[in-house]
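Structure first, then comments.
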Amino acid sequence: MVSGTCVIGLQWGDEAKGKLVDLLAPQFDLVVRYQGGANAGHTVVAGDETYKLHHIPSGILHSEVQNFITPGVVINPSTMLDEIDGLAARGIHCEKNMRVSERAHLVMPWHIAEDKIINSTAVRGESIGTTNRGIGPCYRDKVGRTHAIRMADLVQDSRDERIGTVAAQKVELLSKMGAPQEDLDTIAPEQVIAQATGWAERLSGMIGDTTEILLTACEADKRILFEGAQGALLDIDHGTFPFVTSSNSSGVGVCAGAGVPPKWINHVLGVCKAYSTRVGGGPFPTELDDSTGEKIRKLGNEFGTTTGRPRRCGWFDAVALRYTARLSGVTRLALMMMDVLAHFEELKVCVAYELDGKRLESFPAHADQLRRCKPIYETIPGWNQPVDDVRTVGDFPSGALAYVKRIEELVGIPVGVLSVGPDRAQTIFTEAADVLNLHSLA
Ligand code: IMP
């Protein structure tokens, strides 16, 4: 029986995928992070403890689950070791149940220096507003090949020579690009070689051929949960380019990033907030630059997990969701942060756009077009009642259920999971979740 389930963000990231992966992990044998890097910030709340994970898969709190970081992820070894040490200090020992692909690429100090330069460059009149984690430059070097460093390089005899050569070239390149001396100092060859020696010592026991392990696990009918990072609207090929991240963060990215062919994937849980947020630059048709947006930001504590930046907030955009749910092959939706919408007299949902005087039901490919799109809203009465303590579908106020039903109709996919707060217990599985074989959690 095929048994791959994906958790994919359908908006611009921060949809609370980490919470779901942690909750679902005990029903799986393996949890796989397959794209992105330390730009991600997955928050897991377990009782009184809150964990903020950047590289480490959100299944790590469950010692019986094997966790994998596969070839599509870009890894900053220093940051990952900090994460590993932070978890160890809290009794979670990654070396026991986590493996990292030898094919994964490394985010080197020069990538971070270059990211800062990218961030000060406007594209189409606006900065991309990256997380400054070196993600774009690292993926660029991966595709360019000549300057890439992979996990496997760390444990080869040729390591120092390879890193020294690339570092020397990067010093030259970045000084021409105008990098400040303090950043150039961080990429001096001797310094990076010493750093890499330390990384190799600490990480070598965790590095392995995750592709081989995953293929064997699929053939043995193991249950695998694929943990997406960012969201489908940030997908490098299918998102709001160029205001995107540098990996395939929609459902289409799972196979390439993980090294697992499509035949092993049979469920896709598409995760979205009951409203919209975006952090960084780029068009956002339903953005609320007013007191309502401010209210959502405050109630939802909408500040970046990785950068602390305030997130831009707005109403639910069903045009964008229809697009990303179809693109990602979503079989059920998980509608998160329902508690945040509990204090509004009325709510709005964008059902179509108006572009140059015409009604548009599909999601435009060009950022300039999307920027000109005006949302056409449908107003839905708010339920104006807290839902934090709701634990079954029947406990929801009828207004909240009407809102959920309308979203299902507009997106064309049933909601299988509803979330009313960060805690594991604040998760409600609907009858529609049966198809995912997750209903035993309800
Ligand atoms: P980068 O991934 O750091 O290159 O950033 C590119 C864009 O993606 C910026 O707008 C970031 O704010 C956004 N972004 C990257 N990772 C995340 C995430 O995990 N959540 C939300 N936005 C993200």
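Taken together, the values in this text are just the output of simple stated rules run on the coordinates, not laboratory data. Quantities reported herein were computed from a predicted structural model and do not represent experimental measurements. Note: ideal-geometry Cβ built from the backbone for every residue, glycine included; neighbour counts use all protein chains shown.
Tabulated results
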item	result
Residues located in the stretch 323-334, provided they are part of a loop (DSSP other than H, G, I, E, B) and either among the β-branched types (Val, Ile, Thr) or within 11 Å of Val349 (Cβ to Cβ) (or both)	Val330, Thr331
Residues located in the stretch 122-139, provided they are more than 6 Å from the ligand (Cβ to nearest atom), closer than 14 Å to Ile75 by Cβ and of a type in the set (A, V, I, L, M, F, W, C)	Cys138
Any hit, the stretch 431-441, residues being in a loop (DSSP other than H, G, I, E, B), in contact with a Phe, Trp or Tyr (Cβ under 8 Å, 6 or more places away or on another chain), under 19 Å from Leu23 (Cβ atoms) and aliphatic (A, V, I, L, M)	yes
Restricting the stretch 339-352 to residues that are more than 26 Å from the chain's Cα centre (by Cα) and touching a residue at least 40 places away in the same chain (Cβ under 8 Å), the residue that is surrounded by the most Cβ atoms within 10 Å (Cβ to Cβ)	Leu347
Neighbours by Cβ (under 8 Å, 6+ apart or cross-chain): first from the stretch 125-150, closer than 20 Å to Gly41 by Cβ and free of Cβ contacts under 8 Å to residues at least 24 places away in the same chain; second among the β-branched types (Val, Ile, Thr) and within 8 Å of the ligand (Cβ to nearest atom)	none
Verdict on Val143 being assigned to a helix (DSSP H, G or I) and either within 16 Å of the ligand (Cβ to nearest atom) or charged (D, E, K, R) (or both)	yes
Residue list for the stretch 1-45, filter: more than 16 Å from the ligand (Cβ to nearest atom) and among the hydrophobic types (A, V, I, L, M, F, W, C)	Met1, Val2, Cys6, Leu23, Leu24, Ala25, Phe28, Leu30, Val31, Val32, Val45
Index of the failed condition, Thr186 passing every other in (1) touching a residue at least 24 places away in the same chain (Cβ under 8 Å); (2) under 15 Å from Phe68 (Cβ atoms); (3) among the hydroxyl-bearing types (Ser, Thr, Tyr)	(2)
Where a residue in the stretch 358-382 is surrounded by 12 or more Cβ atoms within 10 Å (Cβ to Cβ) and its partner, wherever it lies, is of a type in the set (S, T, N, Q) and part of a helix (DSSP H, G or I), with Cβ under 9 Å and at least six apart	Leu360/Gln369; Phe363/Thr324
Strands (runs of 3 or more DSSP E) completely within the stretch 207-322 that count 3 or more residues being within 16 Å of the ligand (Cβ to nearest atom) and touching a Phe, Trp or Tyr at 6+ places or on another chain (Cβ under 7 Å)	276-278, 312-314
Enumeration of residues in the stretch 363-420 that are within 22 Å of the chain's Cα centre (by Cα) and in a strand (DSSP E or B)	Val415, Gly416, Val417, Leu418, Ser419
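Each row is one residue, and each column tells you yes or no for (1) surrounded by fewer than 24 Cβ atoms within 10 Å (Cβ to Cβ); (2) hydroxyl-bearing (Ser, Thr, Tyr); (3) within 28 Å of Val65 (Cα to Cα).
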site: Gly231; (1), (2), (3): no, no, yes
site: Asp237; (1), (2), (3): yes, no, no
site: Pro242; (1), (2), (3): yes, no, no
site: Ser247; (1), (2), (3): no, yes, yes
site: Val254; (1), (2), (3): no, no, yes
site: Ile265; (1), (2), (3): yes, no, yes
site: Cys272; (1), (2), (3): no, no, yes
